[in-house]
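The values are calculated or read from the model by the stated rules, or taken from the named source; none is laboratory data. All values derive from a computational prediction rather than experimental measurement. Cβ atoms come from the backbone with ideal geometry, glycine included; neighbour counts cover every protein chain shown.
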Amino acid sequence: MIRPASLILCLALAATPVFAESEEEEEGEGGFRTAVAANPTFQTECGSCHIAYPAGFLPARSWTAIMAGLDDHFGENATLDDKTRTEIEGYLTQNAADVQSGWGRRDPAPGATPLRISELSWFVREHGREVSNQMKTKAKSMSNCAACHQGAAQGAFEGD
Amino acid sequence: MKTLSLTLALCALALPAVAQDTTPAALIAGYEAAAGAKADPAAGRDLFLANHTGGKPDTPSCTTCHTNDPTKPGQARTGKAIDPLAPSATPARFTDSAKVEKWFGRNCDSVLGRACTDAEKANLLAWLSSL
């Protein structure tokens, strides 16, 4: 049962990036906070296997490439019906690292189309020093942000 | 932030959380009818526990993520926990037909490299529902 007035409000919200606390990401000593995923379809669908990663972690061309290859998504079939896939791709590309409505000020990998957030230079730099083998075993995979960053699903990647 | 929280709460009310449109028994009956055969829980167990070679290399078996005890939680390759597949442990299992078809579509392709047949779906659900 969907109430029309509420639905309109929800759609309006879904189209607007919602930022945690301030209007943009904040870098602190041990980590940072960033936009939380504000699209319910994205959160439900992508969030069933991993946290709904912040769209601002990758440039739009990366999201386009990822969403075009869901039949082999890092070794698994993660296909979606066309309507759902189109909605999620639209959300991700409109809130990507290199577009104005996203972070709008830096491209994390100029000249490249990275498919893994964990291969970005800042990610490798931040995690290379700090993550012990024991922590890696506990997390099972570098895609499991929430194993160490308890607020990851809410966009908080502090150094906990 | 208060207004935002209220709006989000309204959204949660406005959007259906889970489309609970079916039951495990109804799904099994539907797959049996499509297959023209009774479900065979033992065949479902064998399919679930076996190692296969036709699919993607990282997912040779259902047990890769779901473990060999579907009454217990599994773990995705990403490290995220997966609720037990057995409805006795997770009552919401197999109550949303679109979700069931979505995951059969994905996982049969990942593990077997092909779609599951209606008979295989009936067998798997019959075994999981018997646990």
Going through the range B:81-114 one residue at a time, which ones are more than 10 Å from chain A (Cβ to nearest Cβ) and closer than 17 Å to B:Ala50 by Cβ?
B:Leu85, B:Phe104, B:Leu112, B:Arg114
Does the range B:34-56 include one or more residues that are at pLDDT below 95, assigned to a helix (DSSP H, G or I) and not aromatic (Phe, Trp, Tyr)?
no
Which count do you get for residues in the range A:127-153 that are closer than 21 Å to A:Gly56 by Cα and surrounded by fewer than 15 Cβ atoms within 10 Å (Cβ to Cβ)?
2
Among all residue pairs at least 6 apart or on different chains, which show Cβ distances below 8 Å where the first residue, located in the range B:38-54, is in contact (Cβ under 8 Å) with a residue 24 or more places away in the chain and the second is assigned to a loop (DSSP other than H, G, I, E, B) and surrounded by fewer than 13 Cβ atoms within 10 Å (Cβ to Cβ)?
B:Gly54/B:Arg114
Which residue out of B:Pro87, B:Pro73 is modelled with pLDDT of 95 or more and surrounded by fewer than 17 Cβ atoms within 10 Å (Cβ to Cβ)?
B:Pro73
Just one listed residue, out of B:Ala92, B:Ala9, is at pLDDT below 95 and not basic (Lys, Arg), and it is B:Ala9
Identify, by number, the condition in (1) part of a loop (DSSP other than H, G, I, E, B); (2) touching a Phe, Trp or Tyr at 6+ places or on another chain (Cβ under 9 Å); (3) hydroxyl-bearing (Ser, Thr, Tyr) that A:Thr93 doesn't meet.
(1)
Every residue from the range A:40-83 that is assigned to a loop (DSSP other than H, G, I, E, B) and more than 10 Å from every other protein chain (Cβ to nearest Cβ)
A:Ala52, A:Tyr53, A:Pro54, A:Leu58, A:Pro59, A:Gly69
